[in-house]
Amino acid sequence: MKERLQKLLSAAGVCSRRAAEEYIAAGRVRVNGVVAHIGDGADPELDTITVDGQPLPRRGETVWLLLHKPRGYVTTLSDEKGRKTAAQLVEGCGVRVWPVGRLDLNSEGLLLFTNDGAGTDRLLHPSHEVEKEYEVAVTGDLSRALPVLTGPLELDGRPLAPARVDILRRDGQGGLLSVTIHEGRNRQVRRMCALAGLKVKALKRVREGPLTLGDLPVGKWRRLTEEEVAALLQ
């Protein structure tokens with residue numbers, strides 16, 4: 001059954017009806033490849049509706065995205081200080097999504113977004129213990145730091161689960177580490193490095209559970225396949 005595009009975009013969780021009118025007026029919405037106009041309608045069962053080139057999800061459809069978050073973006077839906085948000089980079093996905101977990105302002109790498117509330121709760125619950133792997137460029141004495149990073153550590157008076165740390169590269173002042181954890185304490189990897197006498201120059205999350213960043217360009221995103229979502233949440 002045909003319905004107004006504003007209603008369809010709102011029902012899919014893309015935006016409000018008022019914002020949908022702005023999307024349509026800006027030429028961001030197409031029906032069967034043709035730019036839509038205010039007042040147009042479509043049948044979501046028969047027509048292909050896209051927003052910024054991305055298909056409109058069917059009602060009730062869960063969406064999972066993998067973003068390569070750049071440095072300089074905060075992991076929030078909006079920011080009271082007016083800073084750039086990671087959510088702005090996935091606005092064209094065709095549905096309202098939120099970040100799963102966090103990456104701090106000065107870190108980059110793999111960041112998940114979804115509209116799946118149950119999946120979010122499952123993934124963030126401590127019992128799920130999803131491994132997260134980071135590549136960390138540091139300065140300092142790696143030989144002295146390694147036993148500290150892999151030994152018993154505490155943050156905020158609570159013990160940390162052991163981390164797996166490998167030296168990927170050494171240079172004259174430090175090198176590149178691979179750090180794998182399965183907790184999500186605030187700025188955990190940076191604070192671990194500080195306790196070990198290392199200064200972090202750059203930090204990138206390259207893996208979360210079975211998902212890897214791969215060669216996805218900085219600032220770009222892709223949808224997860226059904227198989228990837230199943231593996232992530234198992």
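The values are calculated or read from the model by the stated rules, or taken from the named source; none is laboratory data. Note that this is a predicted model, so its numbers are computed, not measured. Cβ sites come from the backbone with ideal geometry, for glycine too, and all protein chains shown count toward neighbours. Accessible surface areas use protein heavy atoms only, side chains included; no ligands, DNA or RNA. Shrake-Rupley method; radii C 1.70, N 1.55, O 1.52, S 1.80 Å.
Of the residues V179, V165, V189, the single one that is within 15 Å of Y134 (Cβ to Cβ), out of contact with any helix residue (DSSP H, G or I) (no Cβ under 9 Å at 6 or more places or on another chain) and either of a type in the set (V, I, T) or not in a helix (DSSP H, G or I) (or both) is V189.
If you filter segment 12-39 down to residues that are open to solvent by less than 60 Å² (accessible area, probe 1.4 Å), in contact (Cβ under 8 Å) with a residue 12 or more places away in the chain and not hydrophobic (A, V, I, L, M, F, W, C), you find that the one that is farthest from V97 (Cα to Cα) is G39. Considering segment 189-234, the residues that are open to solvent by 70 Å² or more (accessible area, probe 1.4 Å) and β-branched (V, I, T) include one that is nearest to C93 (Cα to Cα), namely V218.
How about segment 52-126: which strands (runs of 3 or more DSSP E) wholly inside it have at least 3 residues that are of a type in the set (A, V, I, L, M, F, W, C)? Please lay out each step first, then the result.
Numbers: elements: 64-69, 98-100, 108-114.
Filter on segment 52-126 gives 64-69, 108-114.
Residues that are out of contact with any Cys (no Cβ under 9 Å at 6 or more places or on another chain), exposed (fewer than 11 other Cβ atoms within 10 Å of the Cβ) and among the hydrophobic types (A, V, I, L, M, F, W, C): does segment 123-134 have at least one? No, segment 123-134 has no match at all.
Would you mind finding the one in V136, V95 that is over 22 Å from V229 (Cα atoms) and in contact (Cβ under 8 Å) with a residue 24 or more places away in the chain?
Working: V95 fails: over 22 Å from V229 (Cα atoms).
Only one candidate passes the filter, namely V136.
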